[in-house]
1. Examine region 158-177 for a residue that is in contact (Cβ under 8 Å) with a residue 60 or more places away in the chain, among the aliphatic types (A, V, I, L, M), buried (at least 17 other Cβ atoms within 10 Å of the Cβ) and not in a helix (DSSP H, G or I), and state whether such a residue exists.
2. Tell me whether region 50-61 contains one or more residues that are at positive phi, touching a helix residue (DSSP H, G or I) at 6+ places or on another chain (Cβ under 8 Å) and of a type in the set (Gly, Ala, Ser).
3. So how many residues does region 180-202 have that are assigned to a loop (DSSP other than H, G, I, E, B) and touching a helix residue (DSSP H, G or I) at 6+ places or on another chain (Cβ under 9 Å)?
4. Could you please find all residues in region 306-332 being more than 14 Å from residue 345 (Cβ to Cβ) and hydroxyl-bearing (Ser, Thr, Tyr)?
5. Do any residues in region 105-124 that are among the aliphatic types (A, V, I, L, M) have Cβ atoms under 7 Å from those of residues that are in a helix (DSSP H, G or I) and modelled with pLDDT of 95 or more, where the two are at least six apart or on different chains, and which pairs are they?
6. Counting just the residues of region 46-95 that are surrounded by 16 or more Cβ atoms within 10 Å (Cβ to Cβ) and acidic (Asp, Glu), which one comes out modelled with the lowest pLDDT?
7. Are there any pairs, at least 6 apart or on different chains, whose C-beta atoms fall under 7 Å, with the first in region 236-256 and on the phi > 0 side of the Ramachandran plot and the second among the aliphatic types (A, V, I, L, M) and surrounded by 15 or more Cβ atoms within 10 Å (Cβ to Cβ), and if so, which?
8. Any chance region 96-103 includes a residue that's farther than 20 Å from residue 122 by Cα, crowded, with 24+ Cβ neighbours inside 10 Å, in contact (Cβ under 8 Å) with a residue 24 or more places away in the chain and touching a Lys or Arg at 6+ places or on another chain (Cβ under 9 Å)?
Amino acid sequence: MVSTYRRLEHRDATVRLTHAEIGSHPEAETTVLLAPDAIGVCRSDLREINGTRHLRRDFGHEIVGTVVSSDPPGTVPTGQRVVLDPHPAVGRTSGFADLVEIWGSRSDVTAALVPLPETSGTVRSVFVEPLACVCHCLGRLDSATQEAGADPIGPVAILGAGMAGTLMATVLDTSSVPVTLINRSRGRLSFLIDRGVLPPAALHTADGPLGPAVPRVIVATAATDTGLLDLAAERVTPGGVVLLYAGTRPGQTYAGVDLDSLRREERTARITRAGKSFHIVGSHGATREDFVRAIHLLDPRTPGRQELPRRLDRMVTTVLSLDESADLLNRLARGPFMGKAVILPSPSPDSTKGLGQ
């Protein structure tokens with residue numbers, strides 16, 4: 001087995017390709033060596049580069065990979081295809097790499113590695129982790145709707161046409177749930193129309209006509225602010241639900257509510273704003289059940305679900321090698337980007353089988 005490998009690391013807001021030696025983690029109950037087959041670039045990776053991400057550090061977490069080894073042997077089967085769940089408390093190295101070292105308790109390490117069927121497309125499967133978070137969010141929306149006594153089949157408005165908001169809108173649209181996706185600028189919406197991800201009638205700019213208020217609103221931007229929450233308050237009907245998925249910072253408040261703790265602890269508060277009372281609800285993370293559901297949704301053999309994976313394939317704009325990726329991440333971290341960039345550490349003839357199937 002090789003003892004050195006390539007990996008991307010960031011320091012002082014700059015990403016560099018480095019060479020690292022496989023480390024020793026004698027304090028850990030379990031260690032696993034994972035070889036990524038594909039890694040998706042997430043907005044939170046870029047915020048981490050820029051130093052604007054709070055609390056979490058998950059550089060390169062949308063990983064589709066194959067287990068190379070585990071200690072004790074057999075903890076995770078060698079050769080097992082997996083996706084990374086970044087939520088269990090494990091230690092690990094950068095995910096943008098030829099190899100990823102993962103260590104921690106046996107239960108946490110095995111929880112962090114979700115088995116992936118051999119039939120799952122490599123590139124397509126980078127959507128499993130963000131889609132799992134979306135599944136968790138939409139499940140939280142359903143339960144909050146029921147608790148609030150709001151309309152359980154009513155339309156949903158989503159604020160923010162980044163990856164999370166787009167995934168939410170696409171899941172709902174392909175499930176025949178009425179949905180509108182609202183964004184501050186036109187560029188992202190035009191991208192989604194051009195790529196055939198969502199129908200034009202579902203896409204609106206925040207400064208345009210938005211129609212009547214709806215019983216359920218999701219704030220799905222990378223970071224939230226008072227202006228976005230005021231827009232959500234305008235869009236929701238009295239007694240409805242505003243679900244907060246967007247990033248928050250410690251100490252951030254709205255209408256007297258600590259937003260960061262509400263989101264991370266998945267609490268509910270009733271507030272009054274814009275002349276109406278409504279529920280604001282937090283959503284954070286994903287469970288193993290959410291990952292299993294995401295894998296199921298991406299399987300084109302799932303009855304009635306062939307359209308969703310096809311639309312997500314159209315979101316992939318860039319597929320490139322690890323050698324080219326430092327320049328890409330540095331560029332993306334300095335400006336807006338659309339779609340999904342995917343990094344292939346070791347491109348192979350079947351590495352793009354997730355596209356178009």
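1. Yes.
2. The initial filter retains those residues of region 50-61 that are at positive phi, namely 51, 55, 60.
This time we only want the ones that are touching a helix residue (DSSP H, G or I) at 6+ places or on another chain (Cβ under 8 Å), so: 60.
Add one more test, that the residue is of a type in the set (Gly, Ala, Ser), and what stays is 60.
Yes.
3. Taking region 180-202 as the starting set, the residues that turn out to be assigned to a loop (DSSP other than H, G, I, E, B) are 184-186, 196-199.
Pick out the ones that are also touching a helix residue (DSSP H, G or I) at 6+ places or on another chain (Cβ under 9 Å) and you get 184, 196-199.
Going through region 180-202 one residue at a time, the tally reaches 5.
4. 317, 318 - these are the residues of region 306-332 that are more than 14 Å from residue 345 (Cβ to Cβ) and hydroxyl-bearing (Ser, Thr, Tyr).
5. Close Cβ pairs satisfying both conditions: 111/288; 114/288; 114/291; 116/125; 116/295.
6. So, considering only residues that are surrounded by 16 or more Cβ atoms within 10 Å (Cβ to Cβ) and acidic (Asp, Glu), the one modelled with the lowest pLDDT is 58.
7. From residues that are on the phi > 0 side of the Ramachandran plot, the pairs are 239/148; 239/150; 255/271.
8. Restricting attention to region 96-103, the residues satisfying the condition of being farther than 20 Å from residue 122 by Cα are 101-103.
After this cut, where a residue has to be crowded, with 24+ Cβ neighbours inside 10 Å as well, the list is 102.
Those still in the list that are in contact (Cβ under 8 Å) with a residue 24 or more places away in the chain too: 102.
Next cut, touching a Lys or Arg at 6+ places or on another chain (Cβ under 9 Å) only: 102.
Yes, region 96-103 contains at least one residue that is farther than 20 Å from residue 122 by Cα, crowded, with 24+ Cβ neighbours inside 10 Å, in contact (Cβ under 8 Å) with a residue 24 or more places away in the chain and touching a Lys or Arg at 6+ places or on another chain (Cβ under 9 Å).
The values are calculated or read from the model by the stated rules, or taken from the named source; none is laboratory data. The structure presented is a predicted model; accordingly, all values stated were derived computationally and were not measured. When we count neighbours, we look across all protein chains shown, and the Cβ atoms used for this are built from the backbone with ideal geometry, even at glycine.
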